[in-house]
Structures are given as structure tokens and as C-alpha cells.
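One structure is given here, and the rest of the page talks about it.
The values are calculated or read from the model by the stated rules, or taken from the named source; none is laboratory data. Nothing here was measured: the structure is a model prediction, and the numbers come from that model. Every residue, glycine among them, receives a Cβ derived from its backbone with ideal geometry; neighbour counts consider all protein chains shown.
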Amino acid sequence: MGSKRESFRSIKGTFDVLPEESSSDGNTIAGSPSWRHVESVVREVMDRYGVREIRTPIIEPTPLIARGVGQTTDIVSKEMFAFERGDTQYVLRPEVTAPVMRAYLQHNLGQQRAVQKLFYIGPCFRAERPQRGRYRQFHQFGAEYIGSANVRADAEVIALMTDVYAGLGIGDCTVRLNTLGDVDARPSFVSALQDYLAPHVSALSETSRRRLEQNPLRILDTKNPVERELLVDAPRLSSFISDDSRDRYDRLKEMLDALGVTFVEDPFLVRGLDYYTETAFELETAALEGAQTALAGGGRYDLLAEELGARQPVPATGFAAGIERLLLAMKAHDARTVTDARPDLFVVLAGDDAATWGVEFVHQLRRAGARCELDLSGRSVKAQMREANRTRSRFVIVVGSTETASGEGRVRSMETGEEQNVRLTVESVRKLLATS
Ligand code: AMP
């Protein structure tokens, strides 16, 4: 063993979720009770919509992600945590849509149900520059509706997404909406856009110049003010899409109106990959101004399955949402803060004589469903009372040899200060905890 002590810290861009709110590299990290709250609301809303959970591995074959997310994307070209063992290439998943589609195809889930409605919650990894709302290990939840080409599925996915946020007390998000049309509309739009931008190439950033060649749609997404100005007069995708696509988009908007989902249309909203078609949307909140404002994004990806080797087209639509940004938005909104579950009863032991009795009694109460706490370090009665306060226990009982001999004790309500006698049986104590 070396004499110099080494200390370790979590990797930059990753963080620990502790029982209480904490801070990591200057960012506030919500405590685990808030994470559990978010996860339980997600599950509850998914249940209401009949969306069932899928859990896929954290590691996937690199070629799946390269194909499924797209070679030209930032994610694949520079943000993958990829590694090799033997002659297999692995990647820590940067998103979950491609893995879910892989699982759908691998297990022939289309044979079980015409439309598979699946959701996931879990970590994703991208080697981005860490900042507020942007991490290297972050967490997403999302839903994928696989097997329906109907615009109803898009409307339901968007309503489902907004219901999760409403359920968490963040009502004032904005859905930005656009249509990308079908693939047939894409080439003529792309060449019109390239023609329009050709004389202005020198004004474009290096990224946009690269995109102009590899992935021109993504230029529409630029945040660069000069480029945005330039795009004001650029050809619009909407003038290139088919009547069918336009009709479909109108029906989607009509349905969203009927569902009470407010949205704004944004002709510059795109998803940069060829397999995305028709519906595209993003959920934004003003609460994260100065951080990352995109809470969630999604759309229809009818061509992904074939990209991943399916013999027939499998129409699909879905969304992915970031949990870190959601928690930041909840904090900004002062949405219900969540704390640990409080103990029902703290058993304070007066002296060692009652220790075995106390350990057993607490054990039985716990088995019977009560939340019970007991001092584990043999502290004084006073220190145990302080601890009972710290845990915000609803009731406290002090037990020593007198109580164990008589089989009776006094329970004190920490809220009202009231005390009452109780028989020291599991039934009597449970009854008291339940009624008060
Ligand atoms: P995307 O798959 O890029 O459309 O991301 C979907 C959502 O995941 C975004 O709207 C964010 O809320 C979240 N997200 C994406 N990348 C990160 C990241 N590096 N850190 C935290 N959240 C992220």
C-alpha cells in the first residue's frame, strides 16, 4: 500500500444523486426523493396511456448507434463513449430510440400487438462539454409508439408528454411543432436550400458549412444570429411538402387543439436525420433561460426500422425527455419539492437493557408495514431525541426497563406534543400510528 492517500471524485459531467439536494461543479443536483417522484409520475402517466415499460442494455453495438442515430450527427461523430473488446465495438448508449427499435425488431414485437407503446427511463451518455443542464451521463425518459402510421399516434404521444410535465407542476411549457413532410419532398427542398445558401457560404459558421454538405436540414436549427437572419428569406420546407403531408399536419394540429395542447408552429424546427418524417416537435420552457431550454424532443421516424435492417417499413413516433432539465425546471417553478418519506415512529432506547427488546419490536413493526427508526449507535436519550427530530418522525416513544416490564409506554406526537399511553404490542402501536 502506498503512503500517499489518493482521493477520487466522480468523472466530470457526471454526478451523484444523494438523499438530499447537493451541488456538483456548481450545479444543483436534486435529491433522490425528487428523482423518485419524477420517475413515479412518469410511470403513473404511462400507465394511464397504456404504455408499457421496456428496459434495454446500457451498452449497445456501436454500428447500431452509428446507423440509428446517424453518422453525420454530432452524437455519433464526436460524442460517443465507445470502446472495443476483442473485435467487438461497444458504445454507451447516447439515446434510447435506436435500442428500443432494435429490441422491437429482435423480439418480433410487432407480432404481439399491432401498435407497441413502450416507455423507458434510464441513463444515456454523450461526451459533450458539461454545463448547466448538459451532462455526460444524463437521464432520459421517453415513449415510442411503434406500428402506427396514423396521425392519432403523434397526437397521443405529444399529449402524453405534456401530461407528464403537467403532472409535475410545470404547466407553462411550449410545444414547438413542425412537419418535415415525407422523404420524397426532402431532396428538392435540400437542393433549393443549398442553392439559396451557396452565395452566402462565407457568412456561415464552420459547422453550418459542414452541414450544408452532409446534413443540410440541420442548418435550419442554427442558434447563430447571423445565420438565423439569413434563413428568414430561405426557401421553406412547407412549400415543398405533398398535399398528403399538409393534410396530415392540419389534422394533427386539429387534434392537439381538441386535446387542449397549446403549441406554436416553428418552420425551422427539424430533426436532422433522413429517417425522420412528417411530425417533429420539441418541448421548451422559459424557466431554463440561460441553460438548455429544450426539455424534450420527438417526432415520427417511419424509416428507422429499415435503416436497422427491417424488411418492411415499420411506422413509429415518439419522444425523449431529459430528467436533469426537468428537475431544474421544477426547481425554477418552485414545483412541489419532494423530501424523504418521514418515519412514523422513532423508538428511543433508555439504556442497554431494552436493546434486544427494541430491536425486535422495531423489526416487527416494520414487517407490519410501519416506518420505524431506532438508534444504531448507543447514544444518550437526548441525542436520540435530537435524531428523532432530524428525521421528522411523526411519533416518538422512549423505552427502558420500566416499559418493557410493564408492557406499556408513552407515545409522543412530534407535531402536537400530545402524549398518550399505549400497550407495547404491534397491534396497539400500529393502530395508534394509523389513526393519528
Ligand atoms: P435528444 O435525444 O438530443 O433529442 O435529447 C432529448 C432530451 O434529452 C433533450 O431535450 C434534453 O432534455 C435531454 N438531453 C440531451 N442531451 C443531454 C445532456 N448532455 N445532458 C442533459 N440532458 C440532455
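Miscellaneous remarks
- Restricted to helices (runs of 4 or more DSSP H) entirely inside the stretch 316-402, those with at least 2 residues that are in the same structural domain as residue 425 (by TED's automatic domain parsing) and aromatic (Phe, Trp, Tyr) are 355-367.
- Residue 170 being out of contact with any Pro (no Cβ under 9 Å at 6 or more places or on another chain) and farther than 28 Å from residue 304 by Cβ: yes
- The residue pairs whose first member lies in the stretch 309-326 and is over 30 Å from residue 27 (Cβ atoms) and touching a residue at least 40 places away in the same chain (Cβ under 8 Å), whose second member is within 16 Å of the ligand (Cβ to nearest atom) and among the small types (Gly, Ala, Ser), and whose beta carbons are closer than 8 Å, counting only pairs six or more residues apart or on different chains, are 317/298; 317/299.
- With respect to the stated conditions, residue 28 is within 27 Å of residue 329 (Cβ to Cβ) and either in a strand (DSSP E or B) or hydroxyl-bearing (Ser, Thr, Tyr) (or both).
- Looking at 6, 53, just one residue is of a type in the set (D, E, K, R) and touching a residue at least 12 places away in the same chain (Cβ under 8 Å), and that residue is 53.
- The condition of being part of a strand (DSSP E or B), over 18 Å from residue 13 (Cβ atoms) and either within 16 Å of the ligand (Cβ to nearest atom) or among the β-branched types (Val, Ile, Thr) (or both) holds for only one of 60, 84, that being 60.
- Once the stretch 320-348 is narrowed to residues that are away from the ligand (no atom under 16 Å from the Cβ) and modelled with pLDDT of 90 or more, the residue that is nearest to residue 35 (Cα to Cα) is 342.
- Screening 193, 197, 212, 177 for residues that are within 16 Å of the ligand (Cβ to nearest atom) and either of a type outside the set (Lys, Arg) or in a helix (DSSP H, G or I) (or both) leaves exactly one candidate, 177.
- When we screen 92, 109 for residues that are within 18 Å of the chain's Cα centre (by Cα), modelled with pLDDT of 95 or more, away from the ligand (no atom under 12 Å from the Cβ) and hydrophobic (A, V, I, L, M, F, W, C), the only hit is 92.
- Boolean, residue 145 is within 23 Å of residue 40 (Cα to Cα) and more than 16 Å from the ligand (Cβ to nearest atom): yes
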